[in-house]
Amino acid sequence: MNPEKAAETVEKEAEFQPHVKKAITISILAMVLAFATLGSTRTTKQVSVGNIQISNTNTIYEFRTLRQIVMGASVDLLSEQMDSLGLSQSIGANAKHLKGVRQIIDRYQHEIASLEADSSRDDNKQDLQVKLKDLKSQVQLAKNKNEWFENAEVILQIAIVMVSASIVAAGTILFWSGIALGVIGTLVTLNGFFLFFS
């Protein structure tokens with residue numbers, strides 16, 4: 001091989017090699033960015049679904065409460081009527097009628113208690129309160145993770161821009177600053193998945 005050609009080849013390789021390292025660095029940063037975006041998308045979906053579930057559970061809880069109030073008012077009204085029927089001789093209320101009213105009152109009182117706490121049904125108010133607390137906790141966790149992922153996305157995008165700019169500017173400061181931001185972005189992404197610190 002001609003010495004002049006060999007020197008030219010070495011010179012071209014030297015010029016090409018830094019760009020390869022920068023291209024690989026950009027590829028790695030883009031891969032980490034893809035994971036951060038995936039995490040952000042998943043947690044955003046979890047927050048949305050969780051908020052819908054909280055809204056539905058809240059609606060069921062409020063319906064149970066309203067039903068208890070209505071049935072409680074009915075019990076009070078029926079009790080007053082039963083008392084007045086029992087005390088009033090002029091109406092001539094018979095024992096069968098009073099017994100029927102008493103059965104309705106007992107049924108309503110049992111239903112009110114069942115709506116509050118009944119192990120045979122999974123939609124009683126105590127279970128709904130536990131479910132609401134759990135859903136709110138899950139949504140809050142997803143929000144915390146999403147915040148980390150969003151921050152990681154911004155940091156990684158800036159890192160990619162800096163490393164890309166270092167190709168054109170041929171500056172080492174931009175390249176190493178991009179690498180430093182990439183490391184920070186990677187740590188922030190990992191924290192989004194595992195929440196080492198919050």
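Values as computed for the structure displayed
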item	result
Evaluation of LYS131 against (1) within 37 Å of the chain's Cα centre (by Cα); (2) within 30 Å of THR25 (Cα to Cα) (one fails), failing number	(2)
Matching residues in the range 152-180 - criterion: being farther than 18 Å from ARG42 by Cα and within 28 Å of the chain's Cα centre (by Cα)	ILE155, LEU156, GLN157, ILE158
Residue within the range 168-180 that is hydrophobic (A, V, I, L, M, F, W, C) and either touching a Pro at 6+ places or on another chain (Cβ under 6 Å) or outside any helix (DSSP H, G or I) (or both) present	yes
Exclusive hit being part of a helix (DSSP H, G or I) and modelled with pLDDT under 95, set ILE158, ILE112	ILE112
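The values are calculated or read from the model by the stated rules, or taken from the named source; none is laboratory data. These numbers come from a predicted model, not from an experiment. Glycine gets a Cβ as well: all are built from the backbone with ideal geometry, and neighbour counts include every protein chain shown.
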